[in-house]
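The values are calculated or read from the model by the stated rules, or taken from the named source; none is laboratory data. What you are looking at is a predicted structure, and each value in this text was computed from that prediction instead of being measured. Reconstructed Cβ throughout: ideal geometry from the backbone, glycine too, with neighbour counts over all protein chains shown. Heavy atoms of the whole protein, side chains included, go into the accessibility calculation; ligands, DNA and RNA do not. Shrake-Rupley method; radii C 1.70, N 1.55, O 1.52, S 1.80 Å.
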Amino acid sequence: MSIIIGLEMRPTHLWSLRREIFGLGTLQICLAALALTGVGLAFGFPWQVTFVGGAGFVLTSTAIVMQLLGDRGDISQPRGQKIIAILLFEDLLIVPLLAIVAFLSPIQVVESTADRLQGIGIAIAAIVGLIVAGYWLLNPLFRLLAAAKAREVMTAAALLVVLGAALLMQVSGLSMAMGAFLAGVLLSESTFRHQIEADIEPFRGILLGLFFLGVGMSLDLSVVANNWQLIIGGVIALMVVKSLVIYIVARLTKTNHYDALDRALVMAQGGEFAFVLFAAAGAKVIDATVQSNMTAIVVISMVLTPIIGILFKRFTISKDEQSLEGVRIAEGLSGSVLLIGFGRFGQVTSQLLLARGVDVTIIDSNINMIQSAERFGFKIYYGDGARLDILHASGAETAEAIVVCVDDKDTTNKIVDLVQDEFPLAKLMVRSYDREHSLHLVKQNVDFIMRETFESAMGFGEAVLKQLGVDEHDVAEISENIRERDQERFETEIAADDVNAGVGMQYTQSKPRPTAPLVKPKQDSKLLNESELDPPKQNN
């Protein structure tokens, strides 16, 4: 299961969440760890034991939360991204926590401080070595295997990487789960990550089932029977305190009441890495009975979380909750053009295509906009264009052109990556958020880029000059001059980036040169009045 978690943690995407990871994550984890340690002290345990218990319980179950977010479709939503950022920080926290546990061990249990430092050094060296090897060797390895054109070989290689990383971590004194997690993170940065995800997709449910089976088997019912009062009291106290801290932190960071409450309940349980921490502390900081009790508390909290989530959804109503009643779901579609995103930009683009009689399939994830557009005769299908299965269901593999009109850089980049990897024969035309985004898309070698505000701003400026009495010929000359200068500057920036990166970009002659993000309109053309589309009003 750790490999699936790791595949979701793509570093380049998560770097954009660094403020949430190191800001929100640090604040929540520190406050929660202090509060949970206080709970342990209130139960009368020594401070070393309470620290291990509190630190273990603060590590939320990534597997359970990711599954809940995926089932609800919240992974790509802002509230889901914040939860994922916190989960990542918690997963990374296991390494320093294991080091702290080693130093908490009594002197009589370990040989010397030097031995402890040596063990920590070996663990850190193993992690660094794994990351370096994955960064430099994975792509060449899978490129070689891809030449065989056998999916079984790719799947076997991915599993071999995971097992090797897990074995390396175990030999280094860490956990196999940590190794599998790091292997998943490294594979998520591979050029072949989407192929790997598609290959292991059939096994996702089995792996998740095995994970929960393992969690259930770790629960010693005899321990629960002998210490049921302590365990039940611990579950209630820890879940309530952790939920309260998470809610307070969420509200302090200006999250609305519903999302803050939802985050608090979803993340109220302990996690799988708590077992790793408790095992490392066993026979050193905590005795076997206390370890069993702590494990039982974490397991029961994990079992209760989905139940609490169902009850929360049943008895509360989110202001953002939307019904899919009457909304067409993207499934089994086909068309010569697949248009992703039906916001203001997509609306105008689609009208030109529809007016020409082009067979267009349009998908969007904004239910209110879809329902509103339906009243004006538009046929829009519900679907998240950043998901590979939705792209397949929307007919991306048969489309001549895929037009991305989404108003979000991260989502756009993810769609571009998916299309480039899975549907290379389709023409890829992308709405660019800004100049910096255009530079990024050029390096992705898309077929055409349009900066979303450039042409409208140019047209508006031309209109202002005409209102001021400037001759139309002069206006056209000024406009042309600005476009040429902007194009020259844009190409200079691309060349500078190529030189700094030490890479000479090669452009295929079969495609329009992707460095031209501007389209020179005919002087007698008129811009479509967006107010005519009145109904669907959203930020896309």
Exercise. Output yes when any residue across region 153-174 is at pLDDT below 70 and under 26 Å from D287 (Cα atoms), and no when none is.
Key: yes
Self-check item: Hits in region 40-95 (condition: farther than 20 Å from V298 by Cα, in contact with a helix residue (DSSP H, G or I) (Cβ under 6 Å, 6 or more places away or on another chain) and open to solvent by 20 Å² or more (accessible area, probe 1.4 Å))
Solution: I75, R79, K82
Exercise. Report yes if G346 is closer than 14 Å to A373 by Cα, at pLDDT 75 or above, outside any loop (DSSP other than H, G, I, E, B) and open to solvent by less than 50 Å² (accessible area, probe 1.4 Å), otherwise no.
Key: yes
Practice problem: Tell me which residues, restricted to region 259-295, are charged (D, E, K, R), part of a helix (DSSP H, G or I) and open to solvent by 10 Å² or more (accessible area, probe 1.4 Å). | Solution: D259, E272
Quiz item: Can you tell me which of V337, V298 is open to solvent by less than 40 Å² (accessible area, probe 1.4 Å), among the aliphatic types (A, V, I, L, M), more than 27 Å from M66 (Cβ to Cβ) and modelled with pLDDT of 70 or more?
Solution: V337
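Residues checked against (1) without any contact (Cβ under 8 Å) to a residue 40 or more places away in the chain; (2) in a helix (DSSP H, G or I); (3) touching a Phe, Trp or Tyr at 6+ places or on another chain (Cβ under 9 Å):
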{"residue": "I415", "(1), (2), (3)": "no, yes, no"}
{"residue": "P424", "(1), (2), (3)": "yes, no, no"}
{"residue": "R431", "(1), (2), (3)": "no, no, yes"}
{"residue": "S479", "(1), (2), (3)": "yes, yes, no"}
Self-check item: Only listed residue being at pLDDT below 70, hydrophobic (A, V, I, L, M, F, W, C), farther than 30 Å from T412 by Cβ and open to solvent by 60 Å² or more (accessible area, probe 1.4 Å), chosen from I124, I100, I107
Solution: I107
Quiz item: Only one of these conditions is not met by D389: (1) open to solvent by 20 Å² or more (accessible area, probe 1.4 Å); (2) at pLDDT below 85; (3) within 27 Å of L428 (Cα to Cα); (4) not in a helix (DSSP H, G or I). Which number is it?
Solution: (4)
Quiz item: So which residues in region 481-494 are touching a residue at least 12 places away in the same chain (Cβ under 8 Å) and either open to solvent by 50 Å² or more (accessible area, probe 1.4 Å) or not in a helix (DSSP H, G or I) (or both)?
Solution: I482, E491, E493
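Residues are listed down the side, and each one gets a yes or a no for (1) at pLDDT below 90; (2) under 24 Å from the mean Cα position of the chain (by Cα):
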residue: D384; (1), (2): yes, yes
residue: L428; (1), (2): no, yes
residue: Y433; (1), (2): yes, yes
residue: H437; (1), (2): yes, yes
residue: Q444; (1), (2): yes, yes
residue: M450; (1), (2): yes, no
residue: F454; (1), (2): yes, no
residue: G459; (1), (2): yes, no
Exercise. Hey, can you tell me all the residues within region 437-473 that are within 23 Å of G343 (Cα to Cα), open to solvent by 80 Å² or more (accessible area, probe 1.4 Å) and in a helix (DSSP H, G or I)?
Key: F460
Practice problem: For region 428-436, state whether one or more residues are open to solvent by 10 Å² or more (accessible area, probe 1.4 Å), among the hydroxyl-bearing types (S, T, Y) and under 30 Å from A476 (Cβ atoms). | Solution: yes
Quiz prompt | Those residues of region 207-247 which are modelled with pLDDT of 80 or more and not in a helix (DSSP H, G or I), in sequence order | solution = N227
Quiz item: In region 65-92, how many are in a helix (DSSP H, G or I) and either under 14 Å from A264 (Cα atoms) or among the acidic types (D, E) (or both)?
Solution: 13
